[in-house]
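In what follows, a single structure is set out as structure tokens and then discussed.
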Amino acid sequence: MKSPLLSLPGAVPAEGVDEGVAAHYGDLFREQRALADGAGFVDLSHRGVVTVTGEDRLSWLHLLLTQHVSDLPPGRATEALILSAHGHIEHALYLVDDGETVWAHVEPGTQEALLAYLESMKFFYRVEAVDRTDDIAVVHLPAGSIAEVPEGVVVRETPYGRDLFLPRADLESYAESAGPPAGILAHEALRVESHRPRIGFETDHRTIPHELGWIGTAVHLQKGCYRGQETVARVQNLGKPPRRLVFLHLDGSEVHLPTHGTEIHLADDGPDGRKVGFITTSVRHHELGPVALALLKRNVPVDARLVAGDTAAAQEVVVEP
């Protein structure tokens, strides 16, 4: 779905999964600094939007999600996962309940698969799950923003800012009053800085929540049964995850950033050494320079010298070994 805000001055379209919104509006670092200062907004209208209504909505979702939501108060933001039977991450939902409806935004293009799963699990519950992507656009206001929120718009407020579920027809008019636009690359840079994983970037077909530090924030350990819970409990109580998320400082003299999937090796082993991990997201940060998130094998020493492709890298621990 192509955003009308791509017609704004300087807009450069994003590619890949974020196609449909702007990568930037001509000045990546200025846009990052504005967001860090609490100014402007980010067009996330390419993300999927799903709503769940009905009097059983919270108790029903509680059975399906990794998060405790049966008593979720209206207005409280949370995030939750849907796992496979083997405990691998399939969906991440960023949700809020307004007292009558659960609103969630998800990765672009994943809402159809999510809805298919939800429909298959309805049984006798009084719920209705609907794809609202065609008529609702997600807009992000950074932490500290004083931009006004239109009356009646559902807001999901987090430590990182506010996600607005805005009528898509109002997107252009709201952009005129919300301050300078920032592209998805600026949003991603701040996401990487705060070590927040993203489905399809920090995950692959075998990722489990422990590897990404999602225990506690998206996975509640004191709730009832859900699909994949056995894996979560086993790793939590009996072992360690096979991989761990790390934050990397990359060699700033390199012109090109290592792309998603770039193999990581131990520098001491040379270019033909064994693979110990891979880059998940790399960005250029307005203060930190080139940085990245990556998945490493759990037993890689925290002080090991690393090489991502041809780029030297030093790690900061996100998930403890």
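Listing for the model above:
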read-out: Extension gain, D27 back to K2 (0.36 nm per residue minus Cα-Cα distance, nm); value: 6.9 nm
read-out: Inter-probe distance in nm under a simple model that places probes 7 Å from Cα toward Cβ, at D98 and Q222; value: 3.2
read-out: E263 versus D56: modelled label distance in nm, points set 7 Å from Cα along the beta carbon direction; value: 5.1
read-out: Part-to-part distance (alpha-carbon centres) for the range 178-251 and the range 285-321, which is given in Å; value: 16
read-out: The chain - percent of accessible surface contributed by carbon and sulfur, probe 1.4 Å; value: 51
read-out: Kirkwood hydrodynamic radius of the range 148-304, from inverse mean 1/r over distinct Cα pairs, in Å; value: 18.5
read-out: Under the Karplus curve 6.51 cos²θ - 1.76 cosθ + 1.60, θ = phi - 60°, whole-Hz ³J(HN,Hα) for the range 143-149, x wherever Gly or Pro sits; value: 4, x, 5, 10, 4, 6, 9
read-out: Theoretical FRET efficiency, 1/(1+(r/R0)^6), r = Cβ-Cβ of S177 and H86, R0 35 Å, to 0.05; value: 0.15
read-out: Potential extension, V155-N237 segment - 0.36 nm per residue separation minus Cα distance; value: 25.9 nm
read-out: Nonlocal amide H pairs with I136, under 5 Å, H built at 1.01 Å; value: R168
read-out: Long-range tail of P(r) for the range 147-224 (Cα pairs > 17 Å, %); value: 63
read-out: Euclidean distance between Cα centres, the range 267-281 to the range 11-37, Å; value: 30
read-out: Directionally averaged projected area (convex hull, Cα atoms, the chain), nm²; value: 16.4
read-out: The chain - percent relative contact order, Cα under 8 Å, separation 6 or more; value: 19
read-out: Ratio Rg/Rh [Cα only; Rh per Kirkwood] for the range 240-321; value: 0.93
read-out: Rounded FRET efficiency, nearest 0.05, which uses the C-beta distance separating V255 from K297 and R0 of 22 Å; value: 0.15
read-out: Solvent-accessible heavy-atom area per residue, rounded to whole Å², over the chain at 1.4 Å; value: 45
read-out: Packing-based order for 242-250, 256-264, using average beta carbon neighbours within 10 Å, highest first; value: 242-250, 256-264
read-out: Computed FRET value (nearest 0.05) for R206 with S120, which takes r as the C-beta separation and R₀ as 22 Å; value: 0.45
read-out: Inter-probe distance in nm under a simple model that places probes 7 Å from Cα toward Cβ, at A312 and D170; value: 5.3
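The values are calculated or read from the model by the stated rules, or taken from the named source; none is laboratory data. Quick caveat: nothing in here was measured; it's all calculated off a predicted structure. Cβ atoms come from the backbone with ideal geometry, glycine included; neighbour counts cover every protein chain shown. Areas reflect the complete protein model, heavy atoms only, side chains present, ligands, DNA and RNA absent. Shrake-Rupley method; radii C 1.70, N 1.55, O 1.52, S 1.80 Å.
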